[in-house]
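Taken together, the values in this text are just the output of simple stated rules run on the coordinates, not laboratory data. Note that this is a predicted model, so its numbers are computed, not measured. Here the Cβ positions follow ideal geometry from the backbone for every residue, glycine too, while neighbour counts run over all protein chains shown.
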């Protein structure tokens, strides 16, 4: 999955997994961890991405940090209420996952 991915996509994936560790340490149940990520961690995840990649577009950082959170209440609402925004985020993630956007891994 990460073979052709951009550095940004890889970093967002690592950040996502690190947040799992923090939530586990805080004893947030597994079935609530994605809800917690969106509600209380997403802004920090995005800020970390922008610190790592200062030239990165803020919308791209948001989209990459949202990857994997689509099955939450928030993700479902976003898909239903703002499908154009959701589809834009899906395209950004696909481009970074396939390595057609972002910094090529070395």
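What does the C-alpha gyration tensor say about the overall shape of the stretch 54-98? Classify as rounded when a/c is under 1.5, otherwise prolate if a/b is larger than b/c, or oblate. All intermediate terms of the calculation are to be shown ahead of the outcome.
Working: a/c = 1.84, a/b = 1.81, b/c = 1.02.
Here the stretch 54-98 falls in the prolate category.
Estimate the FRET efficiency between residue 70 and residue 4 by the formula 1/(1 + (r/R0)^6), using the beta-carbon distance for r and 22 Å for R0, to the nearest 0.05. Please list the in-between numbers first.
Details: r = 22 Å, r/R0 = 0.98.
My answer for the efficiency is 0.55.
Length gain on complete extension for the stretch residue 79 to residue 104, per 0.36 nm per residue less the alpha carbon to alpha carbon distance?
6.1 nm
Using 0.36 nm times the number of residues separating residue 47 and residue 26, minus their current alpha carbon distance, what extension gain do you get?
That pair, residue 47 and residue 26, stretches by 5.5 nm at full extension.
Got the relative contact order for the stretch 27-106 handy, in percent, Cα pairs under 8 Å and 6 or more residues apart? The partial results should precede the final answer.
Working: 41 pairs, mean separation 20.8, N = 80.
Rounded, it is 26 percent for the stretch 27-106.
Plugging the Kirkwood radius over Cα pairs into Stokes-Einstein for the chain, at a temperature of 20 °C and a viscosity of 1.002 mPa s, what D comes out in µm²/s?
My calculation gives 153 µm²/s for D.
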